[in-house]
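Everything on this sheet refers to the single structure shown next.
The values are calculated or read from the model by the stated rules, or taken from the named source; none is laboratory data. These numbers come from a predicted model, not from an experiment. Positions of Cβ are generated from backbone atoms using ideal geometry, with glycine treated the same way; all protein chains shown enter the neighbour counts. These area figures cover heavy atoms from the full protein model, side chains too; ligands, DNA and RNA do not enter into them. Shrake-Rupley method; radii C 1.70, N 1.55, O 1.52, S 1.80 Å.
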Amino acid sequence: MDKIEAQKRIKKLRDEIARLRSAYHIENVPSVTDDVYDSLTRELKDLLVKFPEFTDLNSSENRVAGKALDKFVKVEHKTRMLSLNDVFNYEELDAWEKRVEKLLPADAKFNYFCEVKFDGLAVSLIYENGVFVRGATRGDGFIGEDITENLKTIQSIPLTLPSPYPQYIEVRGEAIMSKKTLVTLNKKNELEGKTLFANTRNAAAGSLRQLDPKLSAERRLDFFAYDIAEIKDLKINLQTHSEKHSLLKRLGFKMDHNEVICKNLSEVEDFIKKFEKIRESFPYGTDGVVISIDDLKLQETLGVVGKAPRYMAAFKYPAVRATTIVKDIKINVGRTGALTPLAIFEPTLVAGSTVSKATLHNMDQIERLDLRIGDTVVIEKAGDVIPKVVEVLPKMRTGKEKKFKMLEKCPACGGNVEKRAGGAGETVAYYCANPKCPAKNERYLEHFVTAFEIYELGPKILRRFKDEGLITDAGDIFTLTKEDIAPLERFGEKSAENIIKEIELKKKISFSRFLWALGILHVGEETARDLASNFGTLDKLAKASIEEINVLENIGPAVSQSVYDYFHDKNNLAFVEKLQKNGVVIKKEEKKKAGKFTGLTFVITGTLATMSREMAKEKVIALGGKVSGSVSKNTSYVLAGEEPGSKLKNAEKLGVKVIDEGEFLKMLK
Ligand code: IVH
């Protein structure tokens with residue numbers, strides 16, 4: 001990026017960050033998540049390191065967030081309410097430790113104190129002679145808003161302290177709404193046509209900013225104390241941060257029990273890892289772990305720089321959303337010849353790994369997002385693995401972005417591109433019409449071994465075997481011998497033997513997996529299961545008429561046509577015959593066992609506490625039920641875990657019964 005481009009990008013980033021900041025802190029209606037905000041801020045910071053000449057001290061990144069609202073009385077904090085410096089990985093944590101050690105005497109021995117970082121609203125509480133007299137928000141750190149009356153409605157804030165209490169104490173902590181309360185509140189807001197809160201933090205902030213404390217009380221907030229800013233008492237002499245926590249506990253404050261004293265960073269890391277595992281099911285929103293130097297004298301030595309103490313660090317768990325720039329859109333050729341657009345990104349870190357591309361699925365998706373090459377986009381790791389583009393940030397456009405048009409020729413073989421209606425009926429898809437397209441064949445081989453569960457044959461090995469002339473199509477896989485493979489460079493006896501052993505083992509296959517392996521257009525794993533259990537044998541299906549296929553539940557006209565066409569093509573029949581001749585044995589599909597879930601369709605959403613969604617799906621199928629990815633009027637039950645998302649809303653709209661995990665477990669019994 002040259003200087004002029006950088007200057008323009010910096011301006012764009014500043015404007016967008018300022019807009020998001022105001023939506024978030026002032027209006028309480030964030031348009032994107034924190035991760036997106038953090039990601040844009042990081043990019044800006046990095047650019048300013050490279051181009052320091054564009055630093056602007058009055059700009060938003062150098063200003064403290066969250067101006068006090070006019071409607072509440074402003075109060076000055078006696079001790080500034082600070083923020084925390086973030087670290088995003090263990091290297092940054094190490095670097096923090098090194099900085100700390102440099103500033104402390106060489107012989108200083110110290111412990112770390114680790115605790116959960118709550119994602120709510122920072123609050124200060126003042127008690128005089130054991131009585132709660134004033135509570136305030138953080139505001140800009142120096143001046144906050146007096147929200148005493150609202151805070152008094154929070155059950156976990158003691159109004160009086162048990163004796164012996166200090167003459168004066170200022171407690172700091174986080175006002176927060178539980179995940180469960182947020183779900184209930186959002187349901188109510190939806191019914192009333194009000195805006196939904198994006199997360200527990202906005203819900204807490206929004207609730208405390210109600211001018212009427214009665215409204216605030218309805219929100220059932222919680223408060224967790226984490227620090228003592230000031231204490232006046234001759235008898236109490238606090239030496240460590242952990243002693244502060246013990247005192248707070250004794251004074252009746254709600255404290256989280258996930259806290260430990262650690263001797264070194266390796267123990268700190270253990271705590272971070274341990275909490276990460278339970279974070280999802282933790283009843284409150286958290287965004288990391290706070291790590292402090294436990295000794296208060298050493299804390300004083302380290303002091304504060306800018307608006308954050310040197311003696312504390314916030315370890316932030318990896319973002320699941322981030323922003324990046326779409327450098328290009330390429331076309332992938334799939335096993336059926338489907339041409340799928342793929343976004344190529346400026347590589348960026350999301351949820352702990354670098355993401356450089358994501359499928360855009362089809363042209364409809366590009367149009368829906370109004371995605372152009374050069375756009376800044378929000379990407380998300382769905383289920384923590386597959387990245388996807390969630391939205392475009394149109395305000396980041398420069399005018400140089402280019403619209404994408406589908407190619408007229410297949411990028412792999414130059415064959416003609418055809419437009420066809422998709423399986424689901426609505427989406428239009430593009431296909432390479434050349435039956436001999438090499439890319440298509442390669443993808444098909446990969447699909448075939450997946451369906452046959454021949455794990456030893458990864459994409460690289462398949463390509464190698466093809467290049468060496470050992471296989472020309474999937475049928476040849478079953479005639480490979482150890483002698484074919486062992487002489488190849490980087491293979492040898494042992495790996496050849498493993499490959500052959502596995503192929504032998506997988507030759508026997510269920511009819512449904514076999515059918516899926518054929519790669520018939522629109523026949524995915526679930527459809528293959530439906531067809532197999534209804535027809536029982538390959539012979540019966542191959543001889544079926546379009547109508548006979550079409551009558552089945554869940555099978556539409558596009559699928560029936562495509563299955564019929566497949567078994568009426570000479571080449572396909574020859575391929576199926578070749579597979580059987582080469583030793584593939586199709587096991588008769590067992591009629592789906594009738595179980596207590598026969599005839600029922602489940603949709604599973606959100607995070608379950610006792611099992612993964614995949615396990616829940618298997619349980620439903622084992623009892624004769626079906627699992628679908630989307631809610632419709634045919635859905636019997638929506639099984640909703642924590643943070644269920646839009647599926648729950650759809651269920652409520654359609655009047656589909658929603659069950660929680662407890663009810664589901666009861667049904668399984
Ligand atoms: S100690 C020096 N401990 O995180 C500031 N903060 O990102 C004192 N927060 O403004 C912070 N949980 O609102 C501390 N266990 C915890 C926390 C915590 C949440 C918030 C706090 C602060 C923000 C900084």
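Does any residue of segment 602-621 turn out to be surrounded by 19 or more Cβ atoms within 10 Å (Cβ to Cβ) and either in contact (Cβ under 8 Å) with a residue 60 or more places away in the chain or aromatic (Phe, Trp, Tyr) (or both)?
Yes.
Residue by residue, here is whether (1) within 30 Å of Leu608 (Cβ to Cβ); (2) open to solvent by 60 Å² or more (accessible area, probe 1.4 Å) holds:
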| position | (1), (2) |
| --- | --- |
| Gly285 | yes, no |
| Gly288 | yes, no |
| Glu300 | no, yes |
| Gly303 | no, no |
| Pro309 | no, no |
| Pro318 | yes, no |
| Val333 | no, no |
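So, in segment 110-123, exactly how many residues are aromatic (Phe, Trp, Tyr) and near the ligand (Cβ under 7 Å from one of its atoms)?
Within segment 110-123, residues that are aromatic (Phe, Trp, Tyr) and near the ligand (Cβ under 7 Å from one of its atoms) number 1.
Please state which one of Phe282, Phe223 is within 15 Å of the ligand (Cβ to nearest atom), part of a loop (DSSP other than H, G, I, E, B) and not β-branched (Val, Ile, Thr).
Only one candidate qualifies: Phe282.
Output the number of residues of segment 636-663 satisfying the condition of being of a type outside the set (Gly, Ala, Ser), modelled with pLDDT of 90 or more and either more than 23 Å from Asn186 (Cα to Cα) or within 22 Å of the chain's Cα centre (by Cα) (or both).
Going through segment 636-663 one residue at a time, the tally reaches 4.
Out of the residues in segment 120-160 that are open to solvent by less than 10 Å² (accessible area, probe 1.4 Å) and under 19 Å from His245 (Cβ atoms), state the one that is farthest from the chain's Cα centre (by Cα).
That would be Tyr127.
Can you work out which of the residues in segment 285-300 that are touching a strand residue (DSSP E or B) at 6+ places or on another chain (Cβ under 9 Å) and more than 9 Å from the ligand (Cβ to nearest atom) is modelled with the lowest pLDDT?
It comes out as Gly285.
Val355 - would you say it is part of a strand (DSSP E or B), closer than 30 Å to Tyr431 by Cα, free of Cβ contacts under 8 Å to residues at least 40 places away in the same chain and of a type in the set (A, V, I, L, M)?
yes
Only residues that are closer than 24 Å to Val576 by Cα and in contact (Cβ under 8 Å) with a residue 12 or more places away in the chain: list them for segment 483-507, please.
Matches in segment 483-507: Asp484, Ile499, Ile500, Glu502, Ile503, Lys506, Lys507.
Here is a yes/no grid of residues against (1) touching a helix residue (DSSP H, G or I) at 6+ places or on another chain (Cβ under 9 Å); (2) of a type in the set (Asp, Glu); (3) surrounded by 13 or more Cβ atoms within 10 Å (Cβ to Cβ):
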| site | (1), (2), (3) |
| --- | --- |
| Gly399 | no, no, no |
| Met406 | yes, no, yes |
| Val428 | yes, no, no |
| Asn434 | yes, no, yes |
| Cys437 | no, no, yes |
| Tyr444 | yes, no, yes |
| Val449 | yes, no, yes |
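Out of segment 466-515, which residues are over 14 Å from Ile454 (Cβ atoms), assigned to a helix (DSSP H, G or I) and open to solvent by 90 Å² or more (accessible area, probe 1.4 Å)?
Asp467, Glu483, Glu493, Lys494
Looking only at residues in segment 577-602 that are outside any loop (DSSP other than H, G, I, E, B) and touching a Leu at 6+ places or on another chain (Cβ under 7 Å), which one is modelled with the lowest pLDDT?
Within segment 577-602, the match that is modelled with the lowest pLDDT is Phe602.
Can you tell me which of Ile126, Ile154 is at pLDDT 90 or above and away from the ligand (no atom under 15 Å from the Cβ)?
Only one candidate qualifies: Ile126.
Can you name every residue in segment 516-565 that is more than 36 Å from the chain's Cα centre (by Cα) and charged (D, E, K, R)?
Within segment 516-565, Asp539, Lys540, Lys543, Glu547, Glu548, Asp565 meet the criteria.
Identify, by number, the condition in (1) in a strand (DSSP E or B); (2) surrounded by fewer than 20 Cβ atoms within 10 Å (Cβ to Cβ); (3) not aliphatic (A, V, I, L, M) that Ser266 doesn't meet.
All conditions are met except number (1).
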